[in-house]
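Taking it in order: structure first as structure tokens, then the write-up.
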Amino acid sequence: MNPLSAIIIHPAVQGSRARIAALRDDLARVFEERLRLTFDLFPKLRDRYADEFGGLERLIQERTLEMSERRRMVELFALKLDRGQKLDRKTVELVMKAVRNEFARVRSRMQQAFSEGERKDLDEAWRPSPFTDHGPDGTAPGRRMGEVREIYRHLAKRLHPDVGGDEIPTRRKYWDLVQDAYHRHDLPLLRTLAHLVRTLADPTSDGGSPAAEERRLTEALRAERAHVRSLLHDELYEMREKLDDDHWVDERRYELESELEEVEVEIAKCDRFLAPILSGEKVPPPYIVQNIWSSFVEDMYINSR
């Protein structure tokens, strides 16, 4: 055998290539765990939690906002009465309008959050993408679908079975995920897969430095492991076994019902103060106003701390 016909690879280069291959395999496994947690386990856990407590938690949020609006009215009306101001119809309407405007943005955000939570195709955790500079809020369906198609074309060039190369581990599995995400218009999954493919790409095939690639993969692996650890410490993940515990489920429901009951009590307190004012009847005597105002201040600024 002619020794000149054999390509001699330096041991240091061989070692670097072996480490790179191992890093890429480790990174692929971590990515697989991230995909499993983010797009399989967590959606199931969210659905289970919503089935058990979603309606009750939504009611608590709605009633808490109503309680805050009433407290704000009590605060403004009580201040005016405490200063000796007359509460005529015009003053009452102005105060109510001011409070409605003050809470309109909060109410709108809450309603939007409820609506977005019910939309199956909405991003659950939007991340910036190299393919777009917009997020889910206010994104027109056409623009959203445009990004879906653009990412799909990008991934097809890298993962399609007809494309040669084996630099991306478990290429076939990723391609199947891409197909599924595209047909379901699952933009978050497509973005994550695009990030995965970019990270696993091999720049050394274009003349990049093996040493630099080794450093890049090491840092990427560190970052992805940290991401997975954060998912494993998420409150919802830690709740997965509790959802199978009927005793815990009953206790959690009791806690939420008690919280709602406390909110309703506060609403009733405010309504007792507001009823004569909003109905046009004679306002409460000054000493009653002062007692209610003092109680309101104590509840609002002292007991809540």
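For Arg72, Arg17, what ranking results if the residue with the fewest other Cβ atoms within 10 Å of its Cβ goes first?
Arg17, Arg72
At a 10 Å Cβ-Cβ cut-off, how would you order Phe273, Phe42, Phe114, fewest neighbours first?
In order of increasing Cβ crowding within 10 Å: Phe114, Phe42, Phe273.
So between Glu238 and His183, what do we pick up on full extension, going 0.36 nm a residue minus the alpha carbon distance?
Gain on extension, Glu238 to His183, equals 16.6 nm.
Report the full-extension gain for the segment Glu259 to Arg105: residue separation times 0.36 nm, less the Cα-Cα distance, to one decimal in nm.
53.0 nm
Quick one: order Tyr152, Tyr254 by neighbouring beta-carbon count within 10 Å, fewest to most.
Tyr254, Tyr152
Any read-out appearing in this document is the output of simple, stated calculations on the displayed coordinates, not a laboratory observation. Note that the coordinates shown come from a computational prediction; the quantities given were computed from them, not determined experimentally. Don't worry about glycine lacking a Cβ; one is built from the backbone with ideal geometry, like all the others, and counts go over all protein chains shown.
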